[in-house]
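The values are calculated or read from the model by the stated rules, or taken from the named source; none is laboratory data. Since this is a predicted model, take the numbers as computed values, not measurements. Heads up, the Cβs are rebuilt from the backbone with ideal geometry, glycines too, and the neighbour counts pull from every protein chain shown. These area figures cover heavy atoms from the full protein model, side chains too; ligands, DNA and RNA do not enter into them. Shrake-Rupley method; radii C 1.70, N 1.55, O 1.52, S 1.80 Å.
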Amino acid sequence: MITLPLFPLNTVLFPGGLLPLRIFETRYIDMVRQCLRTDSGFGVCMIREGAEVGQAAEVQPVGTLAMIADWEGRPDGLLGITARGERRFRILRTWVQPDQLLMGEVEWLDEPAATPLPEEFLSLATLAERILTELGEPYASLPREPDNAVWVGARLAELLPVDHTVKQRMLETDDPLARLFMLRDAMLNHF
């Protein structure tokens, strides 16, 4: 078990993915400083109830460890960071610090092994690569694994306009092929 500061957001981060964030609340500026100082990470968790600002929100039980890959002072005076998803975790318990920073005791989840991408999903690999290239940096530089069902499912789940509750279910599944089927169903329902 490990203790992590948790960052409740209305999004889902997958291992291997990138998440650009603008940091403006004091509790998160302090959290980022501490992470940079100690080369540690924080947990990104989708909000179950509450909001991204103000009082600490209630979060989903599974999230992703985020490490700060890059940071900058922005022209608007805010702190900009790019977080990189590392590994999934399950929250065992949470508590709120006096500054409203949500903390969690977590256990790591096993990551699915690389799985060959079935032929019926080859078009999804092409789509993932095209989207990453068109988004430009930093996405264009992400390592590519178009033959790996884990990579294809995670990248498209992050990037496509799929309902966040579906994305959360995709994060929680250990089966990369089940994730691809969920993604395909979500795309068919959306488009």
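So I have [x] 123; [y] 140; [z] 109, and one of them is volume of the Cα convex hull per residue in Å³ calculated from this model. Which one is it?
Correct label is [x].
Does region 14-86 come out rounded, prolate or oblate, given a ≥ b ≥ c as the square roots of the eigenvalues of its C-alpha gyration tensor, rounded meaning a/c under 1.5 and, failing that, prolate meaning a/b above b/c?
Details: a/c = 1.71, a/b = 1.17, b/c = 1.45.
Judged from the Cα gyration tensor, region 14-86 comes out oblate (a/c at least 1.5, b/c at or above a/b).
When only Cα pairs under 8 Å and 6 or more residues apart are kept, what is the percent relative contact order across the chain? Intermediate results must be reported in sequence, preceding the final value.
Values: 353 pairs, mean separation 42.5, N = 191.
Computed value for the chain: 22 percent relative contact order.
Could you give the dipole magnitude of region 1-110 about its Cα centre, charging the beta-carbon of Lys and Arg +1 and that of Asp and Glu -1, in debye to the nearest 20? Mind showing how you got there, number by number?
Details: 11 positive and 14 negative charges, 22 e Å.
Using only the charged Cβ atoms, the result is roughly 100 debye.
On the protein heavy atoms, probe 1.4 angstrom, tell me the percent of accessible surface of the chain carried by carbon and sulfur. Kindly include the intermediate steps, with their values, before the conclusion.
Values: 4970 of 9680 Å².
Of the solvent-accessible surface of the chain, carbon and sulfur hold 51 percent.
Name the residue, out of LEU92, LEU177, LEU135, whose mean-square fluctuation peaks in a Gaussian network model built on the chain with Cα pairs under 10 Å.
Largest GNM mean-square fluctuation: LEU135.
For the chain, what is the accessible area per residue in Å², given a 1.4 Å probe and the full set of protein chains? Let's see the in-between values first.
Numbers: 9680 Å² over 191 residues.
In whole numbers, the chain has 51 Å² accessible per residue.
Taking the chain as a Gaussian network, where each spring joins two C-alpha atoms under 10 Å apart, which residue of ASP147, ASP110, ASP174 fluctuates the most?
ASP110
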